[in-house]
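Following: one structure in structure tokens, then a few remarks.
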Amino acid sequence: MPRCLLLSDIHANLTALETALAAAAGRWDRAVCLGDVVGYGPDPNEVIERVVGLGIQTIRGNHDKAGAGIEDAEDFNPIARAALEWTHHQLEGENLRWLHDLPAGPLIQDDMVFVHGAAGDEDEYVFTVDGAARNLREAKAPVTFFGHTHVQGGFLLRDGRVEAFRPAIGPDGHPVRMELDPEARYLINPGSIGQPRDGDPRAAFALIDTEGRAVEFWRVAYDVEAVQKRMDDRGLPEPLALRLAFGR
């Protein structure tokens, strides 16, 4: 796969997804989604149909499991649980079956691993250097791509030391390219398409250049107000709509 579009945490936000796809048009040969296609947002059926239509290879996230009814939503906070209950009732037959049948990670291709949370636990949040260090040392490949935290960036292990990194993408949205050191090991998060939580409300994704051994981090602004209006019209919790404007 010479050039791969990497998406994660779309969270039923069709406007953000379409904006990201438009920005990446013509730049990828295939695509992978790291899970959480649904949850929070107002467009679960539309997003699933778009992902399926594009043939995006997808692994499941925790919101996908709860939205499909594989697991209950008791462990989610009340606002997320309310959105998941709404999502489950909105999903149409084929879309519900597709969500239910999503495979768990890890997905292993070439010398890369794709997971939702972590290779050993699909629901693990990798936020800290300590958590990253354990996952990096146990990794089955030099590069692991993960989602779940909604924070673009990641961690690298080099010369026995683990460091966190965050791409600095300016207001102009010019992507940041990171060359991969063959002597290092990486955990890389493309960020969230539909529900960023790193202080930047722009939709986040990445492009993997497998031949050039590099990753490009992208941010694109989308019509947040249009999504907020749909959320309000469909009775989704107001805090979930408000937070879109702040990327928190």
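Can you go through A119, A104, A83 and tell me which one is among the hydrophobic types (A, V, I, L, M, F, W, C), touching a Lys or Arg at 6+ places or on another chain (Cβ under 8 Å) and farther than 25 Å from E216 by Cβ?
The unique qualifying residue is A104.
For the list (1) without any contact (Cβ under 8 Å) to a residue 40 or more places away in the chain; (2) touching an Asp or Glu at 6+ places or on another chain (Cβ under 8 Å), I need the number of the one condition that G117 fails.
(1)
Conditions: (1) crowded, with 21+ Cβ neighbours inside 10 Å; (2) at pLDDT below 95. D75 meets all but one. Number of the miss?
It fails just one condition, (1).
For the range 179-196, how many residues are under 27 Å from R158 (Cα atoms) and buried (at least 18 other Cβ atoms within 10 Å of the Cβ)?
Of the residues in that region, 9 qualify.
Between G41, G35, which is small (G, A, S) and out of contact with any strand residue (DSSP E or B) (no Cβ under 8 Å at 6 or more places or on another chain)?
Answer to the selection: G41.
Mind listing whichever residues of the range 225-242 are in contact (Cβ under 8 Å) with a residue 24 or more places away in the chain, farther than 13 Å from L14 by Cβ and surrounded by 12 or more Cβ atoms within 10 Å (Cβ to Cβ)?
Those that are in contact (Cβ under 8 Å) with a residue 24 or more places away in the chain, farther than 13 Å from L14 by Cβ and surrounded by 12 or more Cβ atoms within 10 Å (Cβ to Cβ): L236, P237, L240.
Sort through A141, A104 and tell me the only one that's in contact with an Asp or Glu (Cβ under 6 Å, 6 or more places away or on another chain) and closer than 21 Å to E211 by Cα.
A141
How many residues does the range 188-226 contain that are of a type outside the set (D, E, K, R), within 13 Å of the chain's Cα centre (by Cα) and in a loop (DSSP other than H, G, I, E, B)?
Matching residues across the range 188-226 total 7.
Out of (1) within 20 Å of E124 (Cβ to Cβ); (2) in contact (Cβ under 8 Å) with a residue 12 or more places away in the chain, the odd one out for I79 is which?
Exception for I79: condition (1).
Scan the range 89-109 for residues that are of a type outside the set (A, V, I, L, M) and closer than 24 Å to T149 by Cβ and jot them down.
P103, G105, P106, Q109
Which members of the range 22-64 meet the condition of being among the aromatic types (F, W, Y) and touching a helix residue (DSSP H, G or I) at 6+ places or on another chain (Cβ under 6 Å)?
Hit for the range 22-64 is Y40, nothing else.
Yes/no matrix, rows are residues, columns are (1) buried (at least 19 other Cβ atoms within 10 Å of the Cβ); (2) more than 18 Å from the chain's Cα centre (by Cα); (3) of a type in the set (A, V, I, L, M, F, W, C):
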position	(1), (2), (3)
L21	yes, no, yes
D29	no, yes, no
V47	yes, no, yes
Q57	no, no, no
H63	yes, no, no
E85	no, yes, no
L99	yes, no, yes
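The values are calculated or read from the model by the stated rules, or taken from the named source; none is laboratory data. All figures in this text were calculated on a predicted structure; none of them were measured in a lab. Every residue, glycine among them, receives a Cβ derived from its backbone with ideal geometry; neighbour counts consider all protein chains shown.
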